[in-house]
Amino acid sequence: MMPLREITIPPRDRRRFTRLVRDVRACEACDAMTHSHVLGADNGRLDAPVLFVAEAVGRRGGAVTGVPLTRDESGRRFSAFLALAGISRADVFVTNAVLCNPTDARGRNRPPTASECARCRPFLARTLELVRAPLLVTLGRVALEATRAVEPHEAELARDVATPVSWRGRTLVPLYHPGRQSTLHRPQAAQEGDWRALGALVPATAAAGDQDRNPVQRR
């Protein structure tokens, strides 16, 4: 990925993020949930040019490391896809539609319910306000629906995969979740092509976003 100029984060935004992290860690709203509260400085830069939203925290990944999409198979596949796209993890912010780990009666990962997504939605909305990345990438159906619930859009995963969509003053790109199960719906080779296409989008959208945040002063 092309090097990007560091943008100063206003102290007010840093304070807002600190309050958001505190509020997330205090949340115990969902009973059938392992409360891992994965949100913090290790999610990435607040001035990141790319913001990824995934589904929920994994029990062998973020629930252990405190960082989304790390350690488990989904995390390893995510890292491989980033490399294909030419995107450095240091230049992105990664979060989830649901910030804790939904588990079943046997302690295994399960998809979050609609009510769990709804309870976490205010945290996602606040994150989107703070991390104003010009390129927003949703990973899987749950993440795409979570953004639609924040503000409506017409994107559909199967139809619009890897297709840029204008949303809230930024570019939204739906991709499949990096978990291996997603290859049942979209083959590995096709997903690799999706990530290469995403990589091609990054320089232009990042440059446009940088210009928006740092407009040239006219004489």
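The values are calculated or read from the model by the stated rules, or taken from the named source; none is laboratory data. None of these values were measured; they are calculated from a predicted model. Neighbour counts run over all protein chains shown; Cβ positions are idealised from the backbone, glycine included.
Output the number of residues of the range 112-123 satisfying the condition of being exposed (fewer than 15 other Cβ atoms within 10 Å of the Cβ) and not aliphatic (A, V, I, L, M).
Residues that pass the stated criteria total 3.
Given the conditions (1) under 24 Å from residue 25 (Cβ atoms); (2) surrounded by fewer than 21 Cβ atoms within 10 Å (Cβ to Cβ); (3) touching a Gly at 6+ places or on another chain (Cβ under 6 Å), which single one is not true for residue 86?
(1)
Could you please find all residues in the range 141-157 being small (Gly, Ala, Ser) and under 13 Å from residue 173 (Cα atoms)?
Across the range 141-157, the qualifying residues are 143, 155.
Select from the range 18-36 the residues that are under 20 Å from the mean Cα position of the chain (by Cα) and part of a helix (DSSP H, G or I) and list them in ascending order.
18, 19, 20, 21, 22, 23, 24, 25
Tally time: how many residues in the range 60-98 are β-branched (Val, Ile, Thr) and part of a helix (DSSP H, G or I)?
Of the residues in the range 60-98, 2 are β-branched (Val, Ile, Thr) and part of a helix (DSSP H, G or I).
So if I check each of 168, 132, 126, 148, which one is under 26 Å from residue 16 (Cα atoms) and exposed (fewer than 15 other Cβ atoms within 10 Å of the Cβ)?
Unique residue meeting the criteria: 168.
Out of the residues in the range 175-219 that are in a loop (DSSP other than H, G, I, E, B) and at pLDDT below 95, which is nearest to residue 87 (Cα to Cα)? Please lay out each step first, then the result.
As a first pass, look at the range 175-219 and keep what is in a loop (DSSP other than H, G, I, E, B): 176-179, 185-187, 214-219.
From the residues that got through so far, the ones that are at pLDDT below 95 too are 214-219.
Details: 214: 22, 215: 25, 216: 27, 217: 30, 218: 33, 219: 36 Å.
Among those residues, the one meeting the criterion is 214.
Name the residue that is nearest to residue 194 (Cα to Cα), counting only residues in the range 133-174 that are small (Gly, Ala, Ser) and assigned to a loop (DSSP other than H, G, I, E, B).
Step one: filter the range 133-174 for residues small (Gly, Ala, Ser), giving 133, 140, 143, 146, 149, 155, 158, 162, 166, 169.
Next cut, assigned to a loop (DSSP other than H, G, I, E, B) only: 133, 140, 155, 162, 169.
On the way: 133: 20, 140: 13, 155: 16, 162: 5, 169: 22 Å.
Only one residue tops the list, namely 162.
Does residue 77 fit the bill of being charged (D, E, K, R) and at negative phi?
Answer is yes for this residue.
State which residue pairs qualify: first residue closer than 15 Å to residue 56 by Cα and inside the range 118-134, second residue charged (D, E, K, R) and buried (at least 16 other Cβ atoms within 10 Å of the Cβ) in any location, beta carbons under 8 Å apart, and separation of 6 or more residues or different chains.
That search, which allows pairs on different chains as well, returns nothing.
For the range 153-166, does any single residue satisfy the condition of being among the small types (Gly, Ala, Ser), in contact (Cβ under 8 Å) with a residue 12 or more places away in the chain, within 20 Å of residue 33 (Cα to Cα) and out of contact with any strand residue (DSSP E or B) (no Cβ under 6 Å at 6 or more places or on another chain)? Steps first, please.
As a first pass, look at the range 153-166 and keep what is among the small types (Gly, Ala, Ser): 155, 158, 162, 166.
Within this subset, residues satisfying the condition of being in contact (Cβ under 8 Å) with a residue 12 or more places away in the chain are 155, 158, 162.
With the extra rule that they be within 20 Å of residue 33 (Cα to Cα), the set shrinks to none.
No: zero hits.
Conditions (1) farther than 30 Å from residue 106 by Cβ; (2) without any contact (Cβ under 8 Å) to a residue 24 or more places away in the chain, marked per residue:
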{"site": "11", "(1), (2)": "yes, yes"}
{"site": "25", "(1), (2)": "no, yes"}
{"site": "53", "(1), (2)": "no, no"}
{"site": "67", "(1), (2)": "no, no"}
{"site": "77", "(1), (2)": "no, no"}
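What are the pairs, 6+ residues apart or on separate chains, where a residue within the range 79-97 that is more than 15 Å from residue 130 (Cβ to Cβ) and of a type in the set (Ser, Thr, Tyr) has its Cβ under 8 Å from a residue that is at pLDDT below 95 and not in a helix (DSSP H, G or I)?
Filtered contacts from the range 79-97: 88/1.
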